[in-house]
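One structure is given below, encoded as C-alpha cells.
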C-alpha cells in the first residue's frame, strides 16, 4: 500500500539533489507573477482548444501577460488554462525562470476538467530548478485535490533557504497526471516572518562562542535564547497507549489535538469490528492530528494506519501522502512523507508502522509527532489507531538567556562553564509579530588550542606542547616543513603539479578512468608529486586529472589542492592552469576555500586553454578548489600557484599528522631529517571531541615554529652567504623553481645539496 514515489515531470525528475557548492552565486531578485489567462480566448472549460505548446515545451509569448512560460499539455479554455496529460509524463505549466529566495506564496484556482475520467484529480505545485532540458525537484512541493463540482483556491507556501536559494534558474510548476483547469495564478513574496535559519556556532573560546543565523526578511530584530540540559540522577521512562475508544462527540483524548482540513468537520471515530478495528480516529484531506507532549524525548513509536473510506477508482489514491513532522521542543521538523500507492488497494486493511529505530539518542530529540493528510479525495478517509509510544526524561532544560534582544545576525556568548554543552535558538521580530523559533543548534565546537614552544629538540626529534582544551577527547598534531625567505622573492612556487606521474596507464582523455567517488578521497603518491591532493567525483587519464561529476544530478567534480600557505603578500597569489571541458562549454571555477572568493573561466571541449589569474584573500592555511559551474566533466593538466615573498615570510608544507592518546598535551615528533637550506620545522595542534553523533574538531592552532631545531643555524649561516649558482645533479643550470636534487654554490666556495619537490 505504501511506497516512496515522486511526481513524474517531463524529461527527468530527481527528488533529492546533491550539488557541489560554488561560491559567489547570483544575487537574489524578487519574483512576482500574476496571470489570469484572459489571453486564452479559444475553447471553453468543457471543450478546450488544441495544445498550444510545441514538442520542446515552448509556448508563444502572446498567450501570457509576462514572458517565459513553458509547458506540456497546455490548452486554452476560454479564459482559463487546461492542463491535459498528453503522455506518461503528465501535463505541466511552468513560470519563467528566476530567483526565488526566501518565503513565497503561490495562489491558484483549480478545478477537475469535466472530461476527466475521475471525479477529482491531483494538482502538484512545486519549486523546481530548470537546468538544460531537465527539471530538478526541490523539497518544496505539495499535492492538492481538485473536484469537478467547484472551483477551489489553493495556497502553497515555501521558504527557500536551501542549496537552491541563490539559483537564478528556478521556476514554479503546476503539474497533473489527469485533466485540470487552472486560473488566477498569483506568486508573490510572503510578508509573514519566517523562522530564522540558525547556523553553526563559530569562534569558540574556552568559555564561549559566537552564535550565527541567516537574516529574515522584514525582521527588525531577533530574540536569542541560550540553554543547557541538567542531567537527572535517574532516567525516567514512561510508556503510553491510545486506541481512541474514548473518542465521542468530537471530544479527543487528553493532550491530542485535531485541526480540520477540507471538510472542516470535528474529529470522527471509525469502527469496523469485522475488520478487526475496534476504534480509530479518521483523518481526511488536509486534516492534522497531533500527539500529546508527555514531557520526555520519544524513544519508541508504533501505530496502525487504517483504510476507512476508499474512492471508487483506485487511481484516485495516486499522489495521496501522509506527511509526518516531529517537534524538537522548539519547532516542527519534516520527518518523512509516506506515499500511498493504489497498486495494493484492497489487499489489506491495516498497516502497522514501527518507527522506534528512528528515535535514537542525540539524533531525533522529538517530544511529539503530528500527521497531515494531503491529496486525498474529499469523500475518503483513513484512520489512525493503536498508538504505543515511550518517552525518556534524563535531563531538565535550563535557560541561561531567554529572548535576549539582538539587532544583528550573531551573538557573542561568553562567561559560560567550559565543561557544559550549550544550545541556542532564534526568533525574528517585527513590531508585535514574532516568528516561530529556529531549530535548536548545539554549540558543540571546541576552543582553538594554544600552542607552546617545543622542548627536547635534538638532531632528529622535538616535543610539541600546548594547553589543554575543555571537552577535548584527544588532539591531532601536524608537523610541517617550513621554508623561510631570506630575501624578497618574486613568483615563489607554492605548488607545481603537472600530473606527469599519471603515465603509461593506457587511459586516454577520450575514455578517462572515473573513481565514482561520492565522498572526498586523497590522491595517492603515484598520481601527484605532493601529498594531500583530494577530489570528489574525479578520475584521470594519462598526464591529467579529470573531474567527472554527475551532470544529470547537478553534481560537479572537484579537485582540491593540499593545504597551502597563501597569506603572504597580503593574500595575493597567482594561479596558472591548463584546462578544457569534455562535453559542452562550461565555466571552470577556481576559488580559495578559506575565503570563498575566486573566478569563473570559460572552457570548451574543442581546445586546451591556459589561464593566468590573480586571486586575493589567500589564507595562512588554505586550499584552492577547481570545479565547474554547470556540472560538465572537465580536464586539468598543469597547475602552478605562485606568490611574492618578502624576507622573513614563511611557507608551510604539512608532512605528517600524529594522533595523541586521550588527553595528552604533548607529542614527540620523531624520525626527522636535517632540513634543507632555508628550511626548518613547525607544528600545529587541533583538538578533537569524539561524540555519538561523530567527530567534532576545533580550528587549527597557530603555527609554532621550532627555531631551536638543528637546521636553523644553516638558515642563518647561508642567509649571510652570496649564492653564485644552482645546478642539477647532471650539471645543468637550475633556478629556484627547478625540481629534484639541486646543488647550490656560494661565493665562499662552499656548496650544499637540496631536494626540491
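Matching residues to (1) buried (at least 17 other Cβ atoms within 10 Å of the Cβ); (2) in the same structural domain as residue 560 (by TED's automatic domain parsing); (3) closer than 30 Å to residue 210 by Cβ; (4) free of Cβ contacts under 8 Å to residues at least 40 places away in the same chain:
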| residue | (1), (2), (3), (4) |
| --- | --- |
| 422 | yes, no, yes, no |
| 428 | yes, no, yes, no |
| 434 | no, no, yes, no |
| 459 | no, no, no, no |
| 469 | yes, no, yes, no |
| 480 | yes, no, yes, no |
| 499 | yes, yes, no, no |
| 512 | yes, yes, no, no |
(message) Regarding region 40-53, can at least one residue be identified that is loosely packed, with under 14 Cβ neighbours inside 10 Å, assigned to a strand (DSSP E or B), in the same structural domain as residue 87 (by TED's automatic domain parsing) and modelled with pLDDT of 50 or more?
(response) no
(request) Would you be able to say whether some residue in region 521-533 is in a strand (DSSP E or B) and within 20 Å of residue 633 (Cα to Cα)? (result) yes
(message) Here is a check on your reading of the model: is residue 295 under 39 Å from the mean Cα position of the chain (by Cα), part of a loop (DSSP other than H, G, I, E, B) and closer than 17 Å to residue 377 by Cα?
(response) no
(message) Among the residues of region 568-580, what is the count of those that are more than 30 Å from residue 169 (Cβ to Cβ) and surrounded by fewer than 20 Cβ atoms within 10 Å (Cβ to Cβ)?
(response) 6
(message) When the residues of region 191-214 are narrowed to those that are part of a loop (DSSP other than H, G, I, E, B) and within 18 Å of the chain's Cα centre (by Cα), which ends up nearest to residue 432 (Cα to Cα)?
(response) 196
(request) Tell me, please, whether a residue that is over 26 Å from residue 632 (Cβ atoms), out of contact with any helix residue (DSSP H, G or I) (no Cβ under 8 Å at 6 or more places or on another chain) and assigned to a strand (DSSP E or B) can be found in region 548-556. (result) no
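So for region 251-269 (the condition being outside the structural domain of residue 421 (by TED's automatic domain parsing), more than 30 Å from residue 329 (Cβ to Cβ), exposed (fewer than 14 other Cβ atoms within 10 Å of the Cβ) and in contact with a strand residue (DSSP E or B) (Cβ under 8 Å, 6 or more places away or on another chain)), does at least one residue qualify? Give the steps one after another, and end with the answer.
To start, the set of residues in region 251-269 that are outside the structural domain of residue 421 (by TED's automatic domain parsing) comprises 251-269.
Subsequent filtering for residues that are more than 30 Å from residue 329 (Cβ to Cβ) retains 262-265, 268-269.
Narrowing further to those that are exposed (fewer than 14 other Cβ atoms within 10 Å of the Cβ): 264-265.
Keeping just the survivors that are in contact with a strand residue (DSSP E or B) (Cβ under 8 Å, 6 or more places away or on another chain) gives none.
No, the conditions are met nowhere in region 251-269.
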(request) Among the residues of region 381-405, write down those that are surrounded by fewer than 21 Cβ atoms within 10 Å (Cβ to Cβ) and either at pLDDT below 90 or closer than 20 Å to residue 318 by Cα (or both). (result) 392, 393, 394, 395, 396, 397
(request) Scan region 228-245 residue by residue and report those that are surrounded by 18 or more Cβ atoms within 10 Å (Cβ to Cβ) and not assigned by TED's automatic domain parsing to the domain that holds residue 323. (result) 228
(request) Quick one: in region 331-367, of everything that is under 26 Å from residue 243 (Cβ atoms) and part of a helix (DSSP H, G or I), which residue is modelled with the highest pLDDT? (result) 356
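Being surrounded by 23 or more Cβ atoms within 10 Å (Cβ to Cβ) and within 28 Å of residue 376 (Cα to Cα) is the requirement here; does residue 88 meet it? Steps first, answer last, please.
Values: surrounded by 23 or more Cβ atoms within 10 Å (Cβ to Cβ): no; within 28 Å of residue 376 (Cα to Cα): yes.
Spelling it out, it is not the case that residue 88 is surrounded by 23 or more Cβ atoms within 10 Å (Cβ to Cβ) and within 28 Å of residue 376 (Cα to Cα).
Anything in region 57-66 that is in contact with a strand residue (DSSP E or B) (Cβ under 9 Å, 6 or more places away or on another chain) and either in contact (Cβ under 8 Å) with a residue 40 or more places away in the chain or outside any loop (DSSP other than H, G, I, E, B) (or both)? List them, or say none. Spell out how you get there, then give the answer.
Here is the first cut: in region 57-66, the ones in contact with a strand residue (DSSP E or B) (Cβ under 9 Å, 6 or more places away or on another chain) are 57-59, 63-66.
Scanning region 57-66 gives 57, 58, 63.
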(request) Check whether at least one residue in region 321-330 is farther than 25 Å from residue 375 by Cα, in contact with a strand residue (DSSP E or B) (Cβ under 7 Å, 6 or more places away or on another chain), in a loop (DSSP other than H, G, I, E, B) and modelled with pLDDT under 90, and report yes or no. (result) yes
(request) Could you tell me whether residue 110 is over 31 Å from the mean Cα position of the chain (by Cα), crowded, with 21+ Cβ neighbours inside 10 Å and at pLDDT 95 or above? (result) yes
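Okay, residues lined up against (1) over 20 Å from the mean Cα position of the chain (by Cα); (2) outside the structural domain of residue 540 (by TED's automatic domain parsing); (3) within 18 Å of residue 509 (Cα to Cα):
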{"residue": "555", "(1), (2), (3)": "no, no, no"}
{"residue": "564", "(1), (2), (3)": "yes, no, no"}
{"residue": "567", "(1), (2), (3)": "yes, no, no"}
{"residue": "576", "(1), (2), (3)": "yes, no, no"}
{"residue": "593", "(1), (2), (3)": "no, no, no"}
{"residue": "603", "(1), (2), (3)": "yes, no, yes"}
{"residue": "611", "(1), (2), (3)": "yes, no, no"}
{"residue": "629", "(1), (2), (3)": "no, no, no"}
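Okay, residues lined up against (1) crowded, with 18+ Cβ neighbours inside 10 Å; (2) at pLDDT 85 or above; (3) more than 37 Å from the chain's Cα centre (by Cα); (4) within 22 Å of residue 145 (Cα to Cα):
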site	(1), (2), (3), (4)
226	yes, yes, no, no
247	yes, yes, yes, no
282	yes, yes, yes, yes
289	yes, yes, no, yes
306	yes, yes, no, yes
(message) Test of understanding: among 182, 187, which residue is surrounded by fewer than 22 Cβ atoms within 10 Å (Cβ to Cβ) and over 30 Å from residue 418 (Cα atoms)?
(response) 187
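The values are calculated or read from the model by the stated rules, or taken from the named source; none is laboratory data. Keep in mind that what you see is a predicted model, and the values were worked out from it rather than measured. When we count neighbours, we look across all protein chains shown, and the Cβ atoms used for this are built from the backbone with ideal geometry, even at glycine.
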